[in-house]
Amino acid sequence: MVEAVRTVVVRSAPLPRRTFRAFVELEGMYRNMVEQLVLHAVNNGITKFTRLKAERYREVRSLYPQLPSHYAYTACQDAAERAHSFLRLKRMRRARKPYPEVRSVSIWLDDHLWRAEGLTSISLATHRGWLRVSIELSKHFLRYVNRGWRLASEAKVKLDRGKRRLVLYLTFKKEVSEYRPKSYITVDVNEDAEAVLIDGLVYLFETNLSEVTLGYYYRRKSVQERYDKVYGPGSRPARRVLRRLGSNERALKREVRWKLAALIVREAAKRQAAIVLERLGREPARSMIEHVKDPQLRHRIFQAAFKGVQAAIEEKAREYGVPVIYVDPRNTSRVCPIHGAEIVYGRNRHGVCSRGGEMWHRDVVACYNLLLRALGGDGGYAPSRVRATIPVYGGPVPLGLTAAHEPAPIARGAWARWKSLGATSDYKLMRMSA
Ligand SMILES: [Zn+2]
């Protein structure tokens, strides 16, 4: 059994002033507790909730005796997580300040601090007793309710001061059993595309994720320069524009990754196939993004294009009970899947097998080698006698055909509209024109 987890955002109806004021007071007390806890945690190198709670719970609890005691408990969890990520950034020398700032607060809730009252309202425990607020039903929320997801006890709440309402982050969970795979779909992730081997064909889904990252990077840089000239460095208007750019960037990347992950996972579920991914290291040691000099930027491209895509596939796979297998990525595009000999690459990601002399596209090679490794089962090289005749999808891999050595590129604008593979005529048209 695997567990799928999703966060769903729900908004309350606008609240009466008095009720909203109670939540503003609650937020102030909670923020203060978190600030003190984070300071203590960072000073003492604490990243574990249990230790922070053991050392500090009593003290923060006594700060606000009128507050339900579980807020002190969730504040410890919140602070431990903030300290943990701050200390990690510091170790990587990517922290800009000596202490983490508690800037935006969402109040963490557990089963003692809130409860759902049917589908249309929830109650929250506060220093002024239980307060009931009605929530706006959204299609998104109802979809989870109706599809067998269960509402978990952990939740977060944020205040929307402009509209005087609450924004709730609810957690839905679902247990799914993984099936036994009948075949494999392999995914080779690159900075700007994902190559996917399905039914003996390699599809190259363009994501342009590194372009997105670079594009936003340069836009941010020019905004910063322009505003710094007028307002001085680090001004408020500049920060506002940069924040908006940042959130647009995140939303776009999220959408690209999520849509493509959904497409791949649905195809896998349809075939009862497992998804095979490369086991990635922590650092972007891959030659393909070495041309980016700025280490921070390289890190971001890596996170967006490689780690992010894999995380989305994993997350979606859990929901459908699709097994995900990780294999060793070393040399996956260097060795011919048929002959086991080195491939000599020229330009345009094309190469020639040094033994058989046949032409290969780099991403096709990678996809087939991932398949061989999955079949080998140990994440290392598959035994060489398996190479030539692997029965997959009921027949041998059609490696004799030149067509199979060429991936079929599909632009982001095209696949983003697909519900399933080749559902529209776009793909066929494109193949004909290619
Ligand atoms: Zn060969």
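A short reminder: the numbers here are calculations on the coordinates, not readings from a lab. Please read all numbers here as calculations on a predicted model, not as lab measurements. As a convention, Cβ positions derive from the backbone with ideal geometry for all residues, glycine included, and neighbour counts pool all protein chains shown.
Brief remarks follow.
- Cβ-based charge dipole, the chain, positive-most Cα from H291, L260, S222: S222
- For the pair R347 and S69, label points projected 7 Å from Cα toward Cβ lie 7.3 nm apart.
- For the chain, the longest site-free run once trypsin sites (Lys or Arg not before Pro) in DSSP loop states with at most 11 other Cβ atoms within 10 Å are removed: 183-281
- Cα centroid separation, the stretch 177-232 to the stretch 92-122: 29 Å.
- Mean projected area in nm² (Cα convex hull; one quarter of hull surface) for the stretch 139-280: 12.8
- Under 5 Å, built H, 5+ apart or other chain: amide partners of I185: A274, I275, V276
- Cα centroid separation - the stretch 314-368 against the stretch 42-80, whole Å: 50
- Averaging the Cα positions of each part gives two centres, and for the stretch 1-41 and the stretch 240-272 these lie 26 Å apart.
- Our summary gives the chain a relative contact order of 16 percent, counting only alpha carbon pairs under 8 angstrom and 6 or more residues apart.
- The chain: DSSP helices with Cα axial extent of at least 20 Å and average Kyte-Doolittle hydropathy no lower than 0.5: 362-376
- Cα extents for the chain along the principal axes, largest to smallest and rounded to whole angstrom: 78, 53, 43.
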